[in-house]
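Comments concern the structure below.
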Amino acid sequence: MTSIILALLIGSCEFPMDATGSLSGYSFFQQDEAHFVYGRIHNTTRILRCGRFSTLVGMDFTTYMGKNLNNPEMKFNIYGGHWNLSLELQWAFSEMLLARLYTDHECFHNIDMPDTSSEYMNNVKLGVAWEEGPAWAPVDGAVALLPVRWPSGWFSVGTYLPKGASFQKGHDFRWSYHLGLDVPLAEWRSLRAGSRYDWDVFFTESRDGSSRHRLEVYTGYRAGERSWFELFYAAWPRDTQPFRRLNGRTCWGIRFTW
């Protein structure tokens with residue numbers, strides 16, 4: 001009986017190995033030794049799907065370039081880096097609504113320095129994600145405006161467990177909340193314009209809090225069924241995070257998504 005159930009379960013599973021992600025580069029308007037051109041790549045791969053259940057793995061990596069005011073040549077910050085590795089369990093309530101249970105290993109490394117791991121954190125997060133809705137019946141060839149679809153987004157609550165130097169270093173975070181929204185504002189044929197908002201807030205053992213708010217406006221061209229080329233302008237109107245603080249910074253950039 002057990003072998004029959006196992007055979008039925010395996011028979012309903014697949015290994016799609018489909019990936020979503022982006023590659024972007026952005027340049028700051030306020031340039032200094034630590035902020036000139038940054039680059040980011042992130043990718044999430046679905047490795048297993050059994051009916052409504054999926055397992056995914058992800059990677060997110062940001063590199064830093066600064067500008068030396070005494071030497072205008074671009075400088076690569078060899079001892080700056082931000083890595084994030086994730087493992088996610090996902091349940092699809094429908095084609096548009098997902099439940100997520102995942103863990104992040106997030107770290108900031110100091111390459112070629114005596115202490116190479118300046119800060120790192122491990123956490124467990126529970127949340128939901130929702131896909132954008134269908135277009136609200138724009139006329140073919142016409143411009144659809146404000147907004148054209150139900151926004152896509154996600155929300156998560158995280159806890160930083162387990163404790164101890166093997167799992168946490170350089171922070172005393174206890175809880176965190178995370179929100180991401182993508183609001184399409186206009187569409188015309190293969191072109192789209194919209195805005196994004198990302199919000200992260202962290203609470204420590206002493207109940208002190210810090211937060212990061214990122215606003216973006218973008219325009220994109222659909223290069224394929226799921227691939228886009230985007231130009232964007234982004235700002236961090238408030239950022240009190242202890243790591244890589246970007247409070248008041250603004251930038252422009254390009255992005256390829258798949």
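The values are calculated or read from the model by the stated rules, or taken from the named source; none is laboratory data. Owing to the predicted nature of the structure, the values given are computational and were not obtained by experimental measurement. As a convention, Cβ positions derive from the backbone with ideal geometry for all residues, glycine included, and neighbour counts pool all protein chains shown.
Things to note:
- Residue list for the range 195-209, restricted to those being modelled with pLDDT of 90 or more, surrounded by fewer than 16 Cβ atoms within 10 Å (Cβ to Cβ) and polar (S, T, N, Q): Thr204
- Any hit, the range 238-249, residues being within 24 Å of Thr20 (Cα to Cα), of a type outside the set (S, T, N, Q) and part of a strand (DSSP E or B): no
- Total residues in the range 218-245, condition of a type in the set (Val, Ile, Thr) and surrounded by 15 or more Cβ atoms within 10 Å (Cβ to Cβ): 1
- The set of residues from the range 188-205 being hydroxyl-bearing (Ser, Thr, Tyr), more than 20 Å from the chain's Cα centre (by Cα) and farther than 11 Å from Trp175 by Cα comprises just one member, Ser190.
- Counting only residues that are within 12 Å of Glu106 (Cβ to Cβ) and hydroxyl-bearing (Ser, Thr, Tyr), the range 162-178 holds 1 of them.
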